[in-house]
Each structure stands twice: as structure tokens, then as C-alpha cells.
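Here is the structure we will look at.
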Amino acid sequence: MTRKQRHFVQSLARGLNVLQAFSAEHSRLTLSQISERTGFNVVAVQRYTDTLMEMGFLKRNRHREFFLGPGVLSLGFAFLNRTELKKIAEEYISEFSDRVGRTLNMAILDGAEIIFIYRKEVHRFLSYDLHAGSKLPAHCTGSGKCLLAGLDDVSLKELLYSTDLYRVTAHTIVDPEVLWKDLMLTRKRGYSIADREWISDLYSLGVPIINREGKMEAAVNLSLSLEEAKGAHLKDMVNQFIELGRSLSLAMGYQGPYPVIPIADPSGDAR
């Protein structure tokens, strides 16, 4: 049994599972609906909801439906705005996006998904809105593949073989072995490529943002159309995008070579 397993607090995890039962599509839930979505019995759910209401993380309306309270919102906004990184990155990313006229996102890894922590949209490739806090699958997105490549080998293999690498387009890589090889190429190259893997006419690049300790803080992705991802234009855009990643990393105190994917060891340190 690992240290993480010995220190795992099941009651805390279950309380967080109750909060995660809520979403944009299910913003109000009854006690029985929370029970169905979490798999916990109603008596246990009642204890968790009472505790979460006392702490301000949940509220309940006159229809006895629960909804997320201001405690959760304050935590979420604190997370999205807390770091030196976001303050620095907004200026760099916004200036680059305005200069090249392209959409950029900055994201972090959350299990098998990425969470946007900043987005500067120019061209809309999707039919629905994306914004800070939005999630997308990591295995077929530019920033996601960059972040996955930064995991240590053991964690990466475990994730690839335990995750549903579902197919989004005809070009989505759904075989763990094939994706492993692709991510090894990403490590060697120092930046990621998602070629029509999330959207059939979208070519996406991802570069790491590295801090002064040599750890990957986040990844930035640049979205291009297939027409833009050809010949000399692509080479020039890649070079400009790498310079953006280098500038962001320098601003975070990183002094090493770039582009490079820093690999975390199992304890969470980069090597």
C-alpha cells in the first residue's frame, strides 16, 4: 500500500463526489438524485449535504433541491485567479493572439481531462462556448497531449490504460500503445500536435509553460485551420508559438533549454 493510499480520507472523497454530482446540465438536484448520481445511499447523502450546507458549499431551495453555494464559487474563482501564472500569461497570450489573429487557450491537467484557466478566442471552431473552467479530453487536444507527455512513465501508462480513449473524429488516437508512442514523440519534439483529433478540420499545437523549478505549470495551445497548417506558413507559426512558450517560461523564472517537456517523477517533482 502506497503512502497516498494509507492517507486517503474516504469521507472527504465522498463529500467531494457529492459536489461533483452537480454540473451545468444538473445544477439543481434532490436528495434522491444526488444518491443516484453518486451511488451513495440516501442516509449518507443526507449527512454530506447537511455538512456541505453548514460550510456554505451547498444551498437548498423551497422545492428541496440542492444547488452549489457561494463557498464553491469562491473556491473556484480563487483557483482560476490565484496564481502568478495567470496574471503573467494573460498579457503574453492576449498580445500574441491579437498579433497572429488566432485562438489560444491555457490549460492544466485534471486526470484524463484538461481545464481551461484562460482563453483568448478569435476564431470559433466549436459550436458551443468554451471559457475558463471548461473541460475537454486530454488525449486528443493540443494542450492535453503536451500535459500528458509531462507525466512520469508509470503514471502516464496507468492513465492511458485506465481511461476511455474515446473516438471523437476519424483521426482520434484511441489505442493506448499508439498514443504512448505519439506522446514520446511529443517529449522528443518539445511540443505537441493534435492533427484533426478533436475536430476534423482543426490542427492544434501545444507548448509547455515551465516555472523556475523546472516543473510544467500549464500548457498553451494554438488552434489553426487545416489550410493554415501547411508548408512554410505552419513552420513560421510553430516558431512564433514556441517563442511565446519560451517567453512565458522565462517570465515564470525558467532558465533552461526550450522547447522541452519536463517530466515529473512519481513524487510530483520535475526531472
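Some values worked out for this structure:
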{"read-out": "Failed criterion for residue 236 (all others in (1) part of a loop (DSSP other than H, G, I, E, B); (2) free of Cβ contacts under 8 Å to residues at least 12 places away in the same chain hold)", "value": "(1)"}
{"read-out": "Among residues of segment 48-66, those that are surrounded by 15 or more Cβ atoms within 10 Å (Cβ to Cβ) and assigned to a helix (DSSP H, G or I), counted", "value": "4"}
{"read-out": "Filter result (part of a helix (DSSP H, G or I) and out of contact with any helix residue (DSSP H, G or I) (no Cβ under 6 Å at 6 or more places or on another chain)) within segment 1-30", "value": "3, 4, 5, 6, 10, 11, 12, 13, 14, 16, 19, 20"}
{"read-out": "Unique match (being at pLDDT below 90, within 21 Å of the chain's Cα centre (by Cα) and small (Gly, Ala, Ser)) among 264, 219", "value": "264"}
{"read-out": "Any hit, segment 176-195, residues being in the same structural domain as residue 93 (by TED's automatic domain parsing), loosely packed, with under 14 Cβ neighbours inside 10 Å, out of contact with any Phe, Trp or Tyr (no Cβ under 9 Å at 6 or more places or on another chain) and not in a helix (DSSP H, G or I)", "value": "no"}
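The values are calculated or read from the model by the stated rules, or taken from the named source; none is laboratory data. Because the structure is a prediction, the values reported are computed rather than measured. All Cβ positions, even for glycine, are placed from backbone atoms using ideal geometry, and neighbour counts span all protein chains on display.
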